[in-house]
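Read the structure below first, then the notes.
The values are calculated or read from the model by the stated rules, or taken from the named source; none is laboratory data. On a predicted model such as this, the values are computed, not experimentally measured, just so you know. Ideal geometry is used to build each Cβ from the backbone, glycine not excepted, and the neighbour counts take in all protein chains shown.
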Amino acid sequence: MIGISACLGGVCCRYDGQAKEISALKKLVASGQAILVCPEVLGGLPIPREPAEIIGGDGFDVWNDTAQVLTNTGEDVTDLFKQGAITAYQKLREEKITTIILKENSPSCGNNTIYDGTFSGNHRSGPGVAAAYFILKGLEVVSESDWRIVMDREEV
């Protein structure tokens, strides 16, 4: 069993109220081979919500208290992002999940890249808040661009 970002599984939970469904991943959930998590929603953020980006670093920096997550209007949502990561991890742990496929570029789920904190659409390397937390806790974090690797390796 694997974990999957809820938006990749077809749930309209992104900041803009949309999904980024990958039909093969949605089928894994329907067949009971995967579970969905949205750290941002689990942290208490609404759908839709203001866009948010990490200011001053990446997800690891947020956990080290040297960066924060702000919305495009300046609201500090750092604690909600952290709580969502913790809650999502607890859910994954209860299901004995060791691998999760996450949505790239997200301030929460980005694995390799996130938005650069300027709200300009530019990216920077580094993980989001939840991805960093999952990595720190020993989960294998995979970007949605690499989901086929997981499916080939796992018996899903």
Task: Test: residue in segment 71-93 that is out of contact with any Phe, Trp or Tyr (no Cβ under 8 Å at 6 or more places or on another chain), polar (S, T, N, Q), in contact (Cβ under 8 Å) with a residue 40 or more places away in the chain and part of a strand (DSSP E or B) - done: no
Open item on the list: Can you tell me which of (1) outside any loop (DSSP other than H, G, I, E, B); (2) crowded, with 23+ Cβ neighbours inside 10 Å is the one residue 145 doesn't meet?
Closed with: (2)
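For segment 120-139, give me the residue count where each residue is surrounded by 12 or more Cβ atoms within 10 Å (Cβ to Cβ) and either under 16 Å from residue 85 (Cβ atoms) or touching a His at 6+ places or on another chain (Cβ under 8 Å) (or both).
So the first thing to find is which residues in segment 120-139 are surrounded by 12 or more Cβ atoms within 10 Å (Cβ to Cβ), and the list is 123-124, 126-137, 139.
Imposing the further condition that a residue be either under 16 Å from residue 85 (Cβ atoms) or touching a His at 6+ places or on another chain (Cβ under 8 Å) (or both) reduces the set to 126-137, 139.
Adding up the residues that qualify gives 13.
Does at least one position in segment 54-67 carry a residue that is of a type in the set (D, E, K, R), at pLDDT 95 or above and either surrounded by 21 or more Cβ atoms within 10 Å (Cβ to Cβ) or under 18 Å from residue 2 (Cβ atoms) (or both)? So that I can check it myself, show each step before the final result.
Step one: of segment 54-67, the residues of a type in the set (D, E, K, R) are 58, 61, 65.
Remaining after also requiring at pLDDT 95 or above: 58, 61, 65.
From the residues that got through so far, the ones that are either surrounded by 21 or more Cβ atoms within 10 Å (Cβ to Cβ) or under 18 Å from residue 2 (Cβ atoms) (or both) too are 58.
Within segment 54-67 (the criterion being of a type in the set (D, E, K, R), at pLDDT 95 or above and either surrounded by 21 or more Cβ atoms within 10 Å (Cβ to Cβ) or under 18 Å from residue 2 (Cβ atoms) (or both)), the answer is yes, since at least one residue qualifies.
Only one residue in 50, 95 is within 19 Å of residue 4 (Cα to Cα) and charged (D, E, K, R), so which one is that? Let's see the steps before the verdict.
Numbers: 50 fails: within 19 Å of residue 4 (Cα to Cα).
Sole residue among the options that is within 19 Å of residue 4 (Cα to Cα) and charged (D, E, K, R): 95.
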